Structures are given as C-alpha cells and as structure tokens.
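The values are calculated or read from the model by the stated rules, or taken from the named source; none is laboratory data. Nothing here was measured: the structure is a model prediction, and the numbers come from that model. Neighbour counts are summed over all protein chains in view; Cβ atoms, including those assigned to glycine, are modelled from backbone coordinates with ideal geometry.
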Amino acid sequence: MQDHHVVVVGGGFGGVQLVNDLKGAPVRVTMIDKRNHHLFQPLLYQVATTLLSTSEIAWPIRSFFRDRPEVTTLLAEVVGVDGEAREVLLKDGQKIGYDTLVLATGATHAYFGHDEWEPVAPGLKTLEDATTIRRRILLAFERAEMETDPAVREALLTFVIVGAGPTGVELAGIISELARTTLPKEFRNIDTRKAKIILVEAGPRVLAAFAEDLSDYARKELEKLGVELRFGEPVTSCTAEGVTIGDAFVPCRTIVWAAGVEASPAAKWLGIPADRAGRAIVDKNLRAPGTGDVFVIGDTASVLREDGSPVPGIAPAAKQQGAYVAKAIKAKLAGRPVPGPFHYRHQGSLATIGKSAAIIDFGWIKLKGWIAWWVWGLAHIYFLIGVRWRIAVAWSWLWIYLSRQHSARLITQRESMREE
Ligand SMILES: Cc1cc2nc3c(=O)[nH]c(=O)nc-3n(C[C@H](O)[C@H](O)[C@H](O)COP(=O)(O)OP(=O)(O)OC[C@H]3O[C@@H](n4cnc5c(N)ncnc54)[C@H](O)[C@@H]3O)c2cc1C
C-alpha cells in the first residue's frame, strides 16, 4: 500500500478519467461519490424520452476499479472540506484525511432564483430526473386518453421545454417524434399527433453556442418535426396548471427545465471565490488558490482559456482536466516539475435534432443533416464505457431507426393516474 493518499470526490467524467490515469502511480486513492454510478449525461435525454433504458447509460463506479486494489470506492455525500486538518467531511459525520484532494463534483440546473419551480418543472441531471420526466410524459398521454374535458385534454397534450440549448432541442425533437410516429396507432380516444411541443428560449435563437447557419438549420428541422418555438421572452412562472411565457399563460401539465447551470458548492467548501454560476475559480494549474494540494476540475471549476474565454462545461473538458491533474500528481511524486498551465483542446460541438438530423462544428469543418447524425451517433457510441454497452446502445438505436418504436416506455415509480 502506498503512503500518498489521493481523495477524489465525484465519479463523473473528470473524476473517473483522473483515477484511470493514476494507474501505476505510487498512491492510494479513495473515490467518493454520493451515487453508486457513473452517468453518461449526454444520453440522459434518451432515457427521459423512452429511447434508452437507465442501465444502458450508467455503470457502478466501483466496477471500474475492480482490478485496482489501491482504489477504494465509497458511496457517501461530501458536505465540506477542512483545509487545516486536510480532511473531507461527509454528511454522516465521518471524516476522510487526504494528502491530495480533487473535487470533481459537477454542476446541476439552476432556476434563476425560482427553486420553487423545480417540483413542476424538473431539470435533467440524474437518472431519477430522467425517469421522472419519462413518467410524466407517458402519464400525460395516458391521462389524456381518459380525459373527457377538451381543455384539460389539450393541457395534458401540451409539453413545454424551457431552454433551447442542446438538451432542450434534443428533448423537444424526440418528444415530438414520440407523439407523431411511435404513439399514434396505440391510442383510441386521442390523436397523439396533435400534441403541442413548445420550446421556449429567452434568447433570439436555438443552440446559441453554434454558428448562426447551423442554429438556423436546427430551427428549421425542429419546425419540420412540428415543434413550436417561442423566442425572446423568458418564462415568468411555472405551476401545476401551466407556464407563463412573458405575459402569456400556456395551460400544460408537463414542463421540463433545460435552462441554467449552477456548480456544486465546492468553492464554498474551500472558502475560495466563485464565478456567477458558482464555479470555483482555480489557478492555471487547476489548483484552488492558497492550497498546494487541492484541485478542482470539470463543471465545478471556472477555468479560462489562453484567449480569456471560459473552458466550456462539457465532458471532454472535464476529462482533459482529470488527465492533467493525474499528470501533475505523478510529476510531483516523482520529483519532476509540474506540467505547464492546463491547455484545453476543443474537439468540436455536437447537437442532435430528432432521430435523423444533427449539427456538428469541428471548427475546421461544419456538418449538418443525416451525415452529422451518423458522426454524432458513432462518437457517442465510441465514448460509452465497455464494448457490451456500445453494442447494446447501437442495437437499440438501430431497432428504433428501423421500427420507429421506442422500447423504454415503462411507467415506473408512482403508477397513479391521478394528477400529482
Ligand atoms: C442532460 C445533459 C446533457 C449533456 N450533454 C452533453 C453532451 O452532449 N456533450 C458533452 O460533452 N457534455 C454534455 N453534458 C455536460 C457533461 O455531462 C458535463 O460537462 C460533465 O459531466 C462534467 O463532468 P464532471 O466530472 O465535472 O461532473 P459530473 O460528470 O457531473 O460528475 C459529478 C459527480 O460528482 C458527484 N457528486 C456531486 N456532488 C457530490 C457530493 N457532494 N458528494 C459526493 N459526490 C458528489 C455526482 O454524483 C457525480 O457523479 C451534458 C450534461 C447534461 C446534464
């Protein structure tokens, strides 16, 4: 057993990459996560919209390290850090000592000061969120089939998605396809094709992070899928009866929140400055200022690129930061100089619209349409963990593509048909 103890909090993209890259280093590692699974968040919307099942996009964290006796995995929630004592504080009162600490605790959605909207407008971050959204979508169709009041039926068949970033666009596209191609033949009292899918964006266009021509293409594809787009006005209230967009009230029973990001409270635990989204501001070596041995990486860190723009909160950035910190720890233990400042390499931006269109911006080339969709699909399959799951997801997609059937349509958790 090695003496130097590295504690990694968060088994997401950044944390897992870091522990993988520490293989062979003279360290003992403790990986702490409040969930027992690593989640492939980029495909979470496919669980929420009945394309994939939960086990196709999440894997037990401890299973990754079964052949690494120096790695201990703990299922526990971190609630603070005692920098003086060099200890991580757990929710149950236990403390874990560290020599080097890496906080990779990610981010979640933010309601811009309206946390009271969360129960009626769940965001998409965890498997529980995805199954809750899936259940609400499926129950809305079931209730509409039983409903005799036309106004209530219309509200049940109205789905509002707030935020037209990649997640909002992906959700809107697939819900529309579900209503228009998968469900129509299965219902007798309602025409599911008449379901309204409304995508609300306070800004002037969808997928604002992409170039205007790609964003314009995505808008046209959404319109072809029957998605109604509302730009330029923010959502001002969300209730169980509906959503208010600007001043207009839209009766609906299903709202999904896909806007806003808030980092985990790592900056508060360390008592260091944070940016507006709560991300801990770290130095060029990803260290928390004033601490020699505490690193913050991934979505919970605020890191600037050489040109002053922020490193984006996406999976490749978290993985690159995990790899960088592993290198820094190894160098320090070997008595070598620490690597130069962290350098982020942007590999491209991707988003899908429905089951056969996507946009991709690699910087040197832009793609759209079905070619982009195939590249998007292959990239995501490549990044899934393990051959078995790559084959499983590829097979699920092929089946959906050919049959137009969504296979993961089980209503679980609360089965009640009554309004919640
Ligand atoms: C719906 C959705 C779609 C996305 N799509 C894409 C995409 O298409 N492409 C892309 O590149 N990126 C995408 N992202 C972003 C990408 O998933 C994140 O950038 C990436 O997950 C960040 O990695 P991370 O390691 O910083 O955090 P995460 O992967 O979020 O991992 C954080 C881990 O920390 C754990 N944790 C949090 N708090 C605590 C605590 N207090 N104690 C113990 N454990 C804790 C969590 O359980 C989690 O396992 C998407 C994100 C979402 C939510």
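Any idea which residue in the stretch 33-83 is farthest from the ligand (Cβ to nearest atom), counting only those that are small (Gly, Ala, Ser) and part of a helix (DSSP H, G or I)?
Ser55
Do you know which of the residues in the stretch 260-285 that are aliphatic (A, V, I, L, M) and surrounded by fewer than 23 Cβ atoms within 10 Å (Cβ to Cβ) is farthest from Thr131 (Cα to Cα)?
The extreme case among them is Ile272.
Does Ala240 satisfy being out of contact with any Pro (no Cβ under 6 Å at 6 or more places or on another chain), surrounded by fewer than 18 Cβ atoms within 10 Å (Cβ to Cβ) and more than 17 Å from Ala48 (Cα to Cα)?
It is true that Ala240 is out of contact with any Pro (no Cβ under 6 Å at 6 or more places or on another chain), surrounded by fewer than 18 Cβ atoms within 10 Å (Cβ to Cβ) and more than 17 Å from Ala48 (Cα to Cα).
Quick check on the stretch 235-243. Is at least one of its residues in the same structural domain as Gly168 (by TED's automatic domain parsing), over 25 Å from Pro312 (Cβ atoms), more than 16 Å from the ligand (Cβ to nearest atom) and touching a Gly at 6+ places or on another chain (Cβ under 6 Å)?
Checked against the condition, which is being in the same structural domain as Gly168 (by TED's automatic domain parsing), over 25 Å from Pro312 (Cβ atoms), more than 16 Å from the ligand (Cβ to nearest atom) and touching a Gly at 6+ places or on another chain (Cβ under 6 Å), the stretch 235-243 yields no hits at all.
Looking at the structure I just gave you, is Lys95 more than 10 Å from the ligand (Cβ to nearest atom), farther than 29 Å from Arg336 by Cβ and more than 26 Å from the chain's Cα centre (by Cα)?
Taking the combined requirement at face value, the residue satisfies it.
Do any strands (runs of 3 or more DSSP E) entirely within the stretch 314-399 hold 1 or more residues that are basic (Lys, Arg) and surrounded by 18 or more Cβ atoms within 10 Å (Cβ to Cβ), and if so, which?
Qualifying strands (runs of 3 or more DSSP E): 366-369.
Restricting the search to the stretch 1-26, which residues are crowded, with 22+ Cβ neighbours inside 10 Å and not in a loop (DSSP other than H, G, I, E, B)?
Val6, Val7, Val8, Val9, Phe13, Gly14, Gly15, Val16, Gln17, Leu18, Val19
Report the residue count in the stretch 152-173 for those that are within 14 Å of Gly226 (Cα to Cα) and away from the ligand (no atom under 13 Å from the Cβ).
Total satisfying the criteria: 6.
For Gly113, which of the numbered conditions (1) at pLDDT below 95; (2) over 20 Å from the mean Cα position of the chain (by Cα); (3) surrounded by 14 or more Cβ atoms within 10 Å (Cβ to Cβ) fails to hold?
For Gly113, the failing item is (3).
Contact list please: Cβ distance under 7 Å, first residue in the stretch 65-80 and closer than 20 Å to His4 by Cβ, second residue part of a loop (DSSP other than H, G, I, E, B) and modelled with pLDDT of 95 or more, pairs at least six apart or on different chains.
Listed pairs, sorted by first residue: Arg68/Lys23; Val71/Phe65; Thr73/Phe65.
Would you confirm, using the coordinates I've provided, whether Val16 is in the same structural domain as Leu89 (by TED's automatic domain parsing), out of contact with any Lys or Arg (no Cβ under 6 Å at 6 or more places or on another chain) and either within 12 Å of the ligand (Cβ to nearest atom) or in contact (Cβ under 8 Å) with a residue 24 or more places away in the chain (or both)?
Yes, satisfied.
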